[in-house]
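Everything on this sheet refers to the single structure shown next.
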Amino acid sequence: MAVRGLSGAVAGLLTAAMLVAGCGGPVDIAGTSGRADEGAAVTGTNPLDNPEGTKPGLAPITSAADRAKARELIEKVRTRGRGPKTGYDRDEFGYAWADNADGVPLARNGCDTRNDVLARDGTDLKYRSGSDCVLIEMTLHDPYTGATIHWRKEKAAEVQIDHVVPLSYSWQMGASRWPKAKRIRLANDPLNLLAVGGEQNSRKGDSGPASWLPPATKIRCSYAVRFAQVALEYDMPVTPADKEMMLRQCA
């Protein structure tokens, strides 16, 4: 149900009603409620102030002016239908967490992408003895739930690195025809990477915003902006349903 084209006041009321009614797509909020926002630590960086993804985390977008900027950015994203997954393989995007991706920040610094992102997003960092790269302990304020996770390497899966635009999704939206070097960039670009709780990363899978959004509602506009930033950086379309849901989060 589209709200664009209506007057601002009417669109705002309609959007609010749609959110209360749950219209607009099967967004996965299983096991989460509004309580995910209660007491949540406000950390991270407004994505509008972080176009390269080099600053930590993801902070809420709260002002009316910033939400208007967010909608303007999302409107620039092209749309098309989601193609087949035929031929997709993680190896098509290079080996995991390569440090040799060309044209992205933090690459070729002697530390793999995973540890770079953990160090960017975490606090109270502790490194393996003799290393200034391999993290063994840290604290993460999970942007997707607002939970604080005290992570240790012995339970590595408690914190995972999320590809904001999933690699399988990108494959279906045109990355299957990209040069491999561009796919390696996407897989290791800090703009497309967030350290998050492992459970929500697993829930998300290769979903677009129409099918999955972060449980913490206050972060959803920021998530939509980051999804749009990646799509625009790589000249990649999203589905019409995903774009509509992204715009709705910043209404």
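Any residue in the range 160-173 that is surrounded by fewer than 21 Cβ atoms within 10 Å (Cβ to Cβ), touching a helix residue (DSSP H, G or I) at 6+ places or on another chain (Cβ under 8 Å) and part of a loop (DSSP other than H, G, I, E, B)?
Scanning the range 160-173, I find at least one residue that is surrounded by fewer than 21 Cβ atoms within 10 Å (Cβ to Cβ), touching a helix residue (DSSP H, G or I) at 6+ places or on another chain (Cβ under 8 Å) and part of a loop (DSSP other than H, G, I, E, B), so the answer is yes.
Quick one: LYS153 ticks every box in (1) of a type in the set (D, E, K, R); (2) touching a Ser or Thr at 6+ places or on another chain (Cβ under 9 Å); (3) farther than 30 Å from GLY87 by Cα bar one, so which box is it?
So the condition that LYS153 fails would be (2).
Being within 25 Å of PRO105 (Cβ to Cβ), in a helix (DSSP H, G or I) and either touching a residue at least 12 places away in the same chain (Cβ under 8 Å) or of a type in the set (Phe, Trp, Tyr) (or both) is the requirement here; does ARG185 meet it?
Details: within 25 Å of PRO105 (Cβ to Cβ): yes; in a helix (DSSP H, G or I): yes; either touching a residue at least 12 places away in the same chain (Cβ under 8 Å) or of a type in the set (Phe, Trp, Tyr) (or both): yes.
Against the criterion (within 25 Å of PRO105 (Cβ to Cβ), in a helix (DSSP H, G or I) and either touching a residue at least 12 places away in the same chain (Cβ under 8 Å) or of a type in the set (Phe, Trp, Tyr) (or both)), ARG185 qualifies.
Within the range 233-244, does at least one residue satisfy the condition of being in contact with a helix residue (DSSP H, G or I) (Cβ under 9 Å, 6 or more places away or on another chain), assigned to a helix (DSSP H, G or I) and surrounded by 22 or more Cβ atoms within 10 Å (Cβ to Cβ)?
Looking through the range 233-244, at least one residue is in contact with a helix residue (DSSP H, G or I) (Cβ under 9 Å, 6 or more places away or on another chain), assigned to a helix (DSSP H, G or I) and surrounded by 22 or more Cβ atoms within 10 Å (Cβ to Cβ).
Looking at (1) open to solvent by 30 Å² or more (accessible area, probe 1.4 Å); (2) out of contact with any strand residue (DSSP E or B) (no Cβ under 9 Å at 6 or more places or on another chain), which is the only condition LYS126 fails?
So LYS126 meets the others, but not (2).
Out of the range 132-145, which residues are open to solvent by less than 30 Å² (accessible area, probe 1.4 Å) and more than 18 Å from the chain's Cα centre (by Cα)?
Result: CYS133, VAL134, LEU135, MET138, THR139.
In this structure, is THR86 modelled with pLDDT of 95 or more, in contact with a helix residue (DSSP H, G or I) (Cβ under 9 Å, 6 or more places away or on another chain) and over 17 Å from THR54 (Cα atoms)? Please lay out each step first, then the result.
Numbers: modelled with pLDDT of 95 or more: yes; in contact with a helix residue (DSSP H, G or I) (Cβ under 9 Å, 6 or more places away or on another chain): yes; over 17 Å from THR54 (Cα atoms): yes.
Yes; evaluated as a whole, the condition is true for this residue.
Considering only residues of the range 146-169 that are touching a residue at least 40 places away in the same chain (Cβ under 8 Å) and more than 13 Å from the chain's Cα centre (by Cα), which is farthest from ALA119 (Cα to Cα)?
Initial filter on the range 146-169 (touching a residue at least 40 places away in the same chain (Cβ under 8 Å)): 146-149, 157-162, 164-169.
Cutting the leftovers down to more than 13 Å from the chain's Cα centre (by Cα) gives us 146-149, 157-159, 168.
On the way: GLY146: 18, ALA147: 18, THR148: 16, ILE149: 14, ALA157: 16, GLU158: 15, VAL159: 12, SER168: 26 Å.
The selected residue is SER168.
The values are calculated or read from the model by the stated rules, or taken from the named source; none is laboratory data. None of the values given here were measured: they were computed from a predicted structure. Heads up, the Cβs are rebuilt from the backbone with ideal geometry, glycines too, and the neighbour counts pull from every protein chain shown. Ligands, DNA and RNA are stripped out before the accessible areas are found, and what is left, the full protein with its side chains, is counted by its heavy atoms. Shrake-Rupley method; radii C 1.70, N 1.55, O 1.52, S 1.80 Å.
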